[in-house]
Amino acid sequence: MKILVVTTMAPFVWGGAEELATHLVRNLELRNFNAELLRLPFQWEPFTGIPGEVARFKAMDLSSVDQVITMKFPAYHVKARRSTPWLVHQYRQAYDMWDSPYSNLPHDAQGRSVRDFIRATDDDYFRSCERVFTISAEISKRLLQSNGVNSIPLRAPINDPELFLGGDGQGYILAAGRVNPAKRQHLLVEAMALMPSSARLIVAGPPETPEYAVQLLRLVEKHDLADRVKLDLRFLSRDELADYVNNATAVAYIPFKEDSYGYVTMEAFEAGKPVITCVDAGELLDIVHDQKTGFVTGPNPEELAAAMAAMVSNPALAKRMGDDARHLWRAADISWNANIDTLLGGA
């Protein structure tokens with residue numbers, strides 16, 4: 001059986017969605033399916049070109065493949081004999097991020113026209129689907145509210161759990177994952193300026209834009225934090241990432257309206273590390289419980305600094321929360337075999 005996993009890509013950008021697609025193919029192969037990953041370029045700038053991008057995807061015919069699993073906008077618009085969406089996310093700038101600082105669609109006639117086009121084509125596609133899966137309850141909720149479509153949440157399993165064994169914390173807070181304004185690593189750097197001189201922060205991951213990397217570097221310089229904040233702004237190997245996680249006292253992950261638990265959270269919990277996040281972080285608030293499996297604060301440097309200081313000044317507290325986090329995560333029992341059985345529907 002030939003199975004093609006189809007998603008979109010931007011050159012040199014790698015994050016949780018890319019990890020999910022790669023490991024889906026790897027686990028399909030472990031089940032002896034003939035599986036491949038097809039990553040198709042998608043250009044969202046200028047925003048006026050998005051309708052043309054959708055047309056390009058719609059023109060692609062993959063009917064020679066037995067099963068197609070699609071993951072992101074506008075990859076799910078490709079033609080296929082049998083297609084199952086496992087939705088990572090739609091084009092959020094046309095939906096829940098329309099009124100946020102993170103949308104590239106202006107609130108003018110052109111912006112509204114592109115937004116309406118995206119929503120209308122999504123309506124047509126999802127209502128034609130026999131089954132729709134998403135990676136979280138939050139995405140299923142958005143899909144129902146925005147497009148009137150029922151879907152089934154199918155959470156992503158953790159990848160390489162054997163790497164995240166945990167260990168004694170070495171006194172630093174880790175902020176791992178893709179580095180961009182919506183993940184708000186700048187708030188953590190600003191929080192460090194309010195913390196004791198013994199506190200340390202490591203920001204580790206690939207920056208989405210050079211501009212945001214420069215912003216972080218300038219904040220470190222502005223607050224004279226070069227000896228306390230390490231910016232490891234690059235793509236890390238799995239071993240390098242696991243080493244950072246296993247030796248952290250706690251992990252900070254403060255995205256804006258995250259639409260899943262996030263690999264950062266899952267890897268931290270598997271390693272027995274508590275997570276610091278914010279009240280507007282989205283889906284991961286289902287498992288990051290304030291003062292139980294981590295801290296939940298307001299999205300401002302002052303409250304973040306207080307939470308980070310509490311972790312590094314009290315390793316016993318951090319360990320207790322981390323143990324609770326690991327227990328909660330493992331009790332969820334999310335596996336690749338179960339997910340693949342569901343996605344293929346007995347094929």
*Go through region 120-131 residue by residue and tally those that are of a type outside the set (Ser, Thr, Tyr) and open to solvent by less than 80 Å² (accessible area, probe 1.4 Å).*
6
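Just need a number here: residues in region 268-327 that are assigned to a loop (DSSP other than H, G, I, E, B) and either hydrophobic (A, V, I, L, M, F, W, C) or crowded, with 18+ Cβ neighbours inside 10 Å (or both). Give the steps one after another, and end with the answer.
Restricting attention to region 268-327, the residues satisfying the condition of being assigned to a loop (DSSP other than H, G, I, E, B) are 271-274, 279-281, 287-289, 291-293, 298-300, 314.
Within this subset, residues satisfying the condition of being either hydrophobic (A, V, I, L, M, F, W, C) or crowded, with 18+ Cβ neighbours inside 10 Å (or both) are 271-274, 279, 281, 287-288, 293.
Selection size over region 268-327: 9.
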*For Ala332, work out the one condition from (1) touching a helix residue (DSSP H, G or I) at 6+ places or on another chain (Cβ under 8 Å); (2) closer than 16 Å to Pro157 by Cα it doesn't fulfil.*
(1)
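Here is a list: Leu241, Leu225, Leu216. Which entry is open to solvent by 10 Å² or more (accessible area, probe 1.4 Å) and of a type in the set (A, V, I, L, M)? Step through it out loud before you land on a result.
Working: Leu225 fails: open to solvent by 10 Å² or more (accessible area, probe 1.4 Å); Leu216 fails: open to solvent by 10 Å² or more (accessible area, probe 1.4 Å).
Unique residue meeting the criteria: Leu241.
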*asked:* Just the residues that are surrounded by 15 or more Cβ atoms within 10 Å (Cβ to Cβ), part of a loop (DSSP other than H, G, I, E, B) and touching a residue at least 40 places away in the same chain (Cβ under 8 Å), please, taken from region 32-65.
replied: Trp44, Leu62, Val65
*Find all pairs meeting these conditions: Cβ atoms under 9 angstrom apart; at least six residues apart or on different chains; first residue within region 292-307 and within 21 Å of Leu219 (Cα to Cα); second residue surrounded by 15 or more Cβ atoms within 10 Å (Cβ to Cβ) and of a type in the set (Lys, Arg).*
Pro299/Arg184
*Going by the structure shown, is Glu190 open to solvent by 10 Å² or more (accessible area, probe 1.4 Å), touching a Leu at 6+ places or on another chain (Cβ under 9 Å) and assigned to a helix (DSSP H, G or I)?*
yes
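The values are calculated or read from the model by the stated rules, or taken from the named source; none is laboratory data. On a predicted model such as this, the values are computed, not experimentally measured, just so you know. Because the Cβ atoms are built from the backbone with ideal geometry, glycine has one as well, and the counts that use them run over all protein chains shown. Heads up: the accessible areas ignore ligands, DNA and RNA and are worked out on the full protein's heavy atoms, side chains in. Shrake-Rupley method; radii C 1.70, N 1.55, O 1.52, S 1.80 Å.
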